[in-house]
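The values are calculated or read from the model by the stated rules, or taken from the named source; none is laboratory data. As the structure is a computational prediction, the values presented were derived from the model and not from experiment. Note that each Cβ is placed from the backbone with ideal geometry, even for glycine, and that neighbours are counted across all protein chains shown. Heads up: the accessible areas ignore ligands, DNA and RNA and are worked out on the full protein's heavy atoms, side chains in. Shrake-Rupley method; radii C 1.70, N 1.55, O 1.52, S 1.80 Å.
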Amino acid sequence: MTLSKTAATAWSETRFWVNLLAWLSKRHPGHVVVALALVWLAWGSAPTAIAVAGAFMVVARSWMLLRPGSYWRLAGPIVGRYRAQIARLEWVDALASCGLANERPALRVVSRWPRLVLRTRLAGGQTIAGFEQQAEALRSCFGASQIRVEPDGTRDVRISLAFEDVLGEPFAATVPRRVRGASVVIGREWNGSDWALPIGPHTLVAGCSGSGKGAVLWSFVFGLAPAVRDSRIQLHGIDLKGGMEILMGRGLFTTVATSQAEAVALLELLVQWLQRRTRQYAGHVRSHEPTTDDPLHVIVIDELAALTAYSIDRELQRRADVALNILLSQGRAPGFVVFACLQDPRKDVVPARGLFTQMVGLRLKDSSESTMVLGEAAVQAGAHCHRLSVDVPGTGYVVPEAGGPPVKVRAGYASDELIRETATMFATPTTLSVLPVRPEHQRRGRRADRASDNV
Ligand SMILES: Nc1ncnc2c1ncn2[C@@H]1O[C@H](COP(=O)(O)OP(=O)(O)OP(=O)(O)O)[C@@H](O)[C@H]1O
């Protein structure tokens, strides 16, 4: 823990005790007067009392840092009770300062710990969207680190507040023993629960350089690794940054393309497989079930723009675009899924952006980029990718597949050793090499050379 973090924690701890004292004085003034009177009477032994109190605080803090699990099991419910009381006291003022005041602002505390979950009834003229728009203001009123606003039935709104930032400290990526269900665990959500990413939809992970796209990519690949070893999933990697990222886990990939010409050959081969499978399935099967004979093909692309925008060879770029669009628009049902990472989400860089059905927004440059990736509603509801700090790589926002407000998430850290170990342990039994395509202009050049040699 850095010095600044320790100072921030100490400051928040002090604020907590001062607030608690203020609340107790408001709520139980008699008890506070008696306690102060006892302290005054015991003033003669003040040094002992101060030493005991100091020792108590040091022990409590060390316990919290060294054994957070057991500390919060004991302290959590007490802290939760206190926060619920503070929320009750501040509720009316908070609503008023956020422009959400109403005549009967009833409040129900649904749960106190580890999150404070509040429920209130919408007054006439109020909407869920109104609360969503004010989510950020409500969050700061309660001094929470995270907030989530969602409908609860038809007339109530549920506000969940988290005070500890569980995503603040990095944690290691995990490799499961088997793939369970149709999603893989990538990391943690804002409230400490698992962040599971559905496998089926085409996924676009957008984030500027150093935002931690690699962590999301490898956590996704790790989640699929057991099915890769069993041949129920085949991974195909495209890494036009010379293979620096994907070749680290080469053993997991059936094919890898590290040049534009290889990438086009690979994508066009996959389109052929897709079309063959679609013909086989026509009239019999409507959605693909992965088996060893008919595996799910997952195409993992490290920097999508290198394929669709930054190539000097226009013909190869056009062919890559066409093949990618076919995979994105027709691939889901016959079992071809694209997972791509990207630094610059502008439409002229990635024309096929709209064909991705699942977006992960990591740290981005400005609010317009956050809107491009997650949509206006998500940004209004608090998905501020452009405000994420550089100190928390791998952190971002996702919009749940089932709808609802955006969720703050963080991917587990994938070290080079873990990538290599996983690639060895779960290596695919099927590897293929792709022969790079030769663009038409090169072939024409060759033919012209041969013709001039013959003259
Ligand atoms: N989840 C994480 N937890 C802790 N550290 C992380 C996490 N993800 C990434 N990092 C660290 O952040 C740095 C940048 O990560 P990474 O290379 O994955 O970013 P990137 O978005 O892929 O960048 P680029 O586009 O430039 O390749 C690395 O030093 C990495 O160790």
Tell me, which residue of segment 319-343 that is more than 23 Å from A402 (Cα to Cα) and touching a residue at least 40 places away in the same chain (Cβ under 8 Å) is nearest to the ligand (Cβ to nearest atom)? Q343
Any idea how many residues of segment 222-255 are in a helix (DSSP H, G or I) and in contact with a helix residue (DSSP H, G or I) (Cβ under 6 Å, 6 or more places away or on another chain)? 7
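In this structure, does L324 turn out to be of a type outside the set (K, R) and either open to solvent by less than 20 Å² (accessible area, probe 1.4 Å) or out of contact with any Ser or Thr (no Cβ under 7 Å at 6 or more places or on another chain) (or both)? Full working, then the answer.
Details: of a type outside the set (K, R): yes; either open to solvent by less than 20 Å² (accessible area, probe 1.4 Å) or out of contact with any Ser or Thr (no Cβ under 7 Å at 6 or more places or on another chain) (or both): yes.
The answer is yes for L324.
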Given the conditions (1) crowded, with 19+ Cβ neighbours inside 10 Å; (2) under 24 Å from A227 (Cα atoms); (3) within 16 Å of the ligand (Cβ to nearest atom), report the number of the one that L247 does not fulfil. (1)
What is the residue count in segment 243-263 for residues that are at pLDDT below 95 and touching a Ser or Thr at 6+ places or on another chain (Cβ under 6 Å)? 2
Find the residue count for segment 137-150, including only residues that are hydroxyl-bearing (S, T, Y) and open to solvent by 50 Å² or more (accessible area, probe 1.4 Å). 1
Restricting segment 400-425 to residues that are open to solvent by 60 Å² or more (accessible area, probe 1.4 Å) and modelled with pLDDT under 90, the one farthest from the ligand (Cβ to nearest atom) turns out to be A402
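Restricting attention to segment 353-373, which residues are more than 16 Å from the ligand (Cβ to nearest atom), in contact with a strand residue (DSSP E or B) (Cβ under 9 Å, 6 or more places away or on another chain) and open to solvent by less than 60 Å² (accessible area, probe 1.4 Å)? Don't jump to the end; show me each part of the working.
Here is the first cut: in segment 353-373, the ones more than 16 Å from the ligand (Cβ to nearest atom) are 353-358, 366-368, 371-372.
Still in the running and in contact with a strand residue (DSSP E or B) (Cβ under 9 Å, 6 or more places away or on another chain): 353, 355-358, 372.
Correct list: R353, F356, Q358, M372.
Of all residues in segment 90-107, how many are outside any loop (DSSP other than H, G, I, E, B) and either surrounded by 14 or more Cβ atoms within 10 Å (Cβ to Cβ) or under 30 Å from the mean Cα position of the chain (by Cα) (or both)? Spell out how you get there, then give the answer.
Kept after step one, since they are outside any loop (DSSP other than H, G, I, E, B), are these residues of segment 90-107: 90-97.
Now narrow it down to the ones that are either surrounded by 14 or more Cβ atoms within 10 Å (Cβ to Cβ) or under 30 Å from the mean Cα position of the chain (by Cα) (or both): 90-91, 94-95, 97.
Of the residues in that region, 5 qualify.
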Condition first: farther than 30 Å from L138 by Cβ, within 16 Å of the ligand (Cβ to nearest atom) and exposed (fewer than 14 other Cβ atoms within 10 Å of the Cβ). Now tell me which residues in segment 151-187 satisfy that. A172
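Okay, residues lined up against (1) within 23 Å of N325 (Cβ to Cβ); (2) within 13 Å of the ligand (Cβ to nearest atom); (3) surrounded by fewer than 23 Cβ atoms within 10 Å (Cβ to Cβ); (4) in the same structural domain as V350 (by TED's automatic domain parsing):
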residue	(1), (2), (3), (4)
E189	no, no, yes, yes
D194	no, no, yes, yes
I199	yes, no, yes, yes
T203	yes, no, no, yes
A206	yes, yes, no, yes
G210	no, yes, yes, yes
K213	yes, yes, no, yes
L217	yes, yes, no, yes
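For segment 291-319, give me each residue that is open to solvent by less than 50 Å² (accessible area, probe 1.4 Å) and closer than 18 Å to G223 by Cα.
Going residue by residue through segment 291-319, those that are open to solvent by less than 50 Å² (accessible area, probe 1.4 Å) are 294-309, 311, 313, 315-317, 319.
The answer is P295, L296, H297, V298, I299, V300, I301, D302.
For (1) farther than 30 Å from M425 by Cβ; (2) touching a Phe, Trp or Tyr at 6+ places or on another chain (Cβ under 8 Å), each residue gets a yes or a no:
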| position | (1), (2) |
| --- | --- |
| E132 | yes, no |
| G143 | yes, yes |
| D156 | yes, no |
| G168 | yes, no |
| V179 | no, no |
| A182 | no, no |
| N191 | yes, no |
| G200 | no, no |
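Going through segment 268-285 one residue at a time, which ones are in a helix (DSSP H, G or I), open to solvent by less than 80 Å² (accessible area, probe 1.4 Å) and either over 28 Å from E315 (Cβ atoms) or at pLDDT below 90 (or both)? Break it down into steps so the answer makes sense when it comes.
Step one: of segment 268-285, the residues in a helix (DSSP H, G or I) are 268-281.
Those left that are additionally open to solvent by less than 80 Å² (accessible area, probe 1.4 Å): 268-271, 273-275, 277-278, 281.
Matches in segment 268-285: Y281 only.
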Quick check on V216: is it touching a Cys at 6+ places or on another chain (Cβ under 9 Å) and under 30 Å from W72 (Cα atoms)? yes
G242 versus (1) open to solvent by 40 Å² or more (accessible area, probe 1.4 Å); (2) touching a residue at least 60 places away in the same chain (Cβ under 8 Å): which is the lone unmet condition? (2)
